[in-house]
Amino acid sequence: MKKHLLLITAILWALFLTAQEPAGYYNAADGKKGQALRIALSQIINNNASSLSYDGLWNAFTQTDVKSNGKIWDIYSDIPGGTPPYEYTPGADQCGNYTNEGDCYNREHSVPKSWFNSQTPMYTDLFHMYPTDGKVNGERGNLPYGEVGNANWTSLNGSKRGSSVTPGYSGTVFEPIDA
């Protein structure tokens, strides 16, 4: 039992050490308040941020969006707790041309890039970029997410496009599966 407790403690300590900001990272903000603190934090972020290239997302997805079976996690094809209709191998199944669902995966902006004029860093921000099926991504286009009433298109995993029943919006929306 002591060996297990020691091992768990060592693992937690290692995680704690690797989760720390670099030494001195927040020095410029020490002792500041209000507007001065906001400016200092903004400068820290601006001086330390780096943007990925659009092509760099392919490599990033191999770190951020791979399931335990080694396949790409695609929000438009996955069926949590079930068997997805298709899966993708990182790097091998990247989109070029596609016609059908399951042909390839590409890069999806949860907030359509047209809404922010494709400006960086949002264009490649991994907080809202996802690998998704090329065909399904194309069916979504630049539609907002919402709850669909009457679907005019449905993907193999049940994601759908159609008229909105979301209060306050009456246009066409895209609804990924609930899970």
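Using Cα pairs closer than 8 Å and at least 6 residues apart in sequence, work out the relative contact order for region 76-179, in percent. Numbers along the way, then the final one.
Numbers: 184 pairs, mean separation 26.0, N = 104.
So the answer I get is 25 percent.
Sum -39500 (n - 2.57) across every DSSP H segment of at least 4 residues in the chain, then divide by the residue count to get the 222 nm mean residue ellipticity, nearest 500.
On the way: 4 runs with 48 residues, N = 179.
Using -39500 (n - 2.57) per qualifying helix, the result is -8500 deg cm²/dmol.
So what J values fall out for region 117-125 if you push phi through Karplus, 6.51 cos²θ - 1.76 cosθ + 1.60 with θ = phi - 60°, rounded to Hz, Gly and Pro as x?
6, 6, 6, 8, x, 4, 4, 10, 6
Taking H placed 1.01 Å from N in the peptide plane, check which residues at least 5 places from TYR145 or on another chain put their amide H under 5 Å from its amide H.
Here the answer is PHE174, since their amide H atoms fall under 5 Å of that of TYR145.
How far, in degrees from 0 to 90, does helix 34-48 lean away from the longest principal axis of the Cα atoms of the chain, to the nearest 10?
Between helix and principal axis, roughly 70 degrees.
Would you work out what percent of the accessible area of region 24-179, with all protein chains in place, is carbon or sulfur (probe 1.4 Å)? Mind dumping the intermediate values first?
Working: 4250 of 8900 Å².
Of the solvent-accessible surface of region 24-179, carbon and sulfur hold 48 percent.
At q = 0.28 Å⁻¹, work out log10 I(q)/I(0) for region 50-104 with the Debye formula, treating every Cα as an identical point scatterer and leaving solvent out; two decimals please.
-1.24
Calculate, for region 44-179, the solvent-accessible area per residue in square angstrom, rolling a 1.4 angstrom probe over the heavy atoms of the protein chains. Numbers along the way, then the final one.
On the way: 7390 Å² over 136 residues.
Heavy-atom SASA per residue in region 44-179 reads 54 Å².
Please report, in debye to the nearest 20, how large the charge dipole of the chain is about its Cα centre when each Lys and Arg carries +1 at its beta carbon and each Asp and Glu carries -1 there.
Details: 13 positive and 17 negative charges, 137 e Å.
Charge dipole of the chain: 660 debye, to the nearest 20.
Suppose a student asked you for the relative contact order of the chain, using Cα pairs under 8 Å spaced at least 6 residues apart; what percent would you report?
Values: 247 pairs, mean separation 28.9, N = 179.
In percent, rounded to a whole number, it is 16.
Taking a ≥ b ≥ c as the square roots of the eigenvalues of the Cα gyration tensor of region 17-61, is the shape rounded (a/c under 1.5), prolate (a/b larger than b/c) or oblate? Walk me through the numbers on the way to the answer.
On the way: a/c = 4.00, a/b = 1.88, b/c = 2.13.
Cα axes put region 17-61 in the oblate bin.
Starting from the alpha-carbon convex hull of region 63-179, give the projected area averaged over all orientations, in nm². Don't skip to the answer; put the middle values down first.
Details: hull surface 31.5 nm².
That works out to 7.9 nm².
Report the chymotrypsin sites (Phe, Trp or Tyr not before Pro) located in region 17-72 that are in a DSSP loop and have at most 15 other Cβ atoms inside 10 Å of their Cβ, or state none. Kindly include the intermediate steps, with their values, before the conclusion.
Working: sites: TYR25, TYR26, TYR54, TRP58, PHE61; in loops: TYR25, TYR26, TYR54.
Sites meeting the loop and neighbour criteria: TYR25, TYR26, TYR54.
Within 11 Å, Cβ to Cβ, of ASN152, how many net charges do the neighbouring residues add up to if Lys/Arg are +1 and Asp/Glu are -1? Don't skip to the end; give the middle numbers.
Details: positive: LYS160, ARG161; negative: GLU139.
After counting each charged neighbour, the total is +1.
Relative to the longest principal Cα axis of the chain, at what angle does helix 2-18 sit, 0 to 90 degrees, rounded to 10?
Taking the Cα atoms of the chain, the angle to 2-18 is about 90 degrees.
Among the DSSP beta bridges whose two residues both lie in the chain, what percent are antiparallel, rounded to the nearest 5? Before the final figure, lay out each step's value.
Details: 15 of 17 bridges.
Of the beta bridges lying entirely in the chain, close to 90 percent run antiparallel.
List every residue whose amide H lies under 5 Å from the amide H of THR132, counting only residues 5 or more places away in sequence or on a different chain, with H placed 1.01 Å from N in the peptide plane.
Under 5 Å from the amide H of THR132: ASN106, ARG107, GLU108.
The values are calculated or read from the model by the stated rules, or taken from the named source; none is laboratory data. Small disclaimer: the values here were computed from a predicted structure and weren't measured. Positions of Cβ are backbone-derived with ideal geometry, glycine not excepted, and every protein chain shown enters the neighbour counts. The area values use the complete protein model at the heavy-atom level, side chains included, leaving out ligands, DNA and RNA. Shrake-Rupley method; radii C 1.70, N 1.55, O 1.52, S 1.80 Å.
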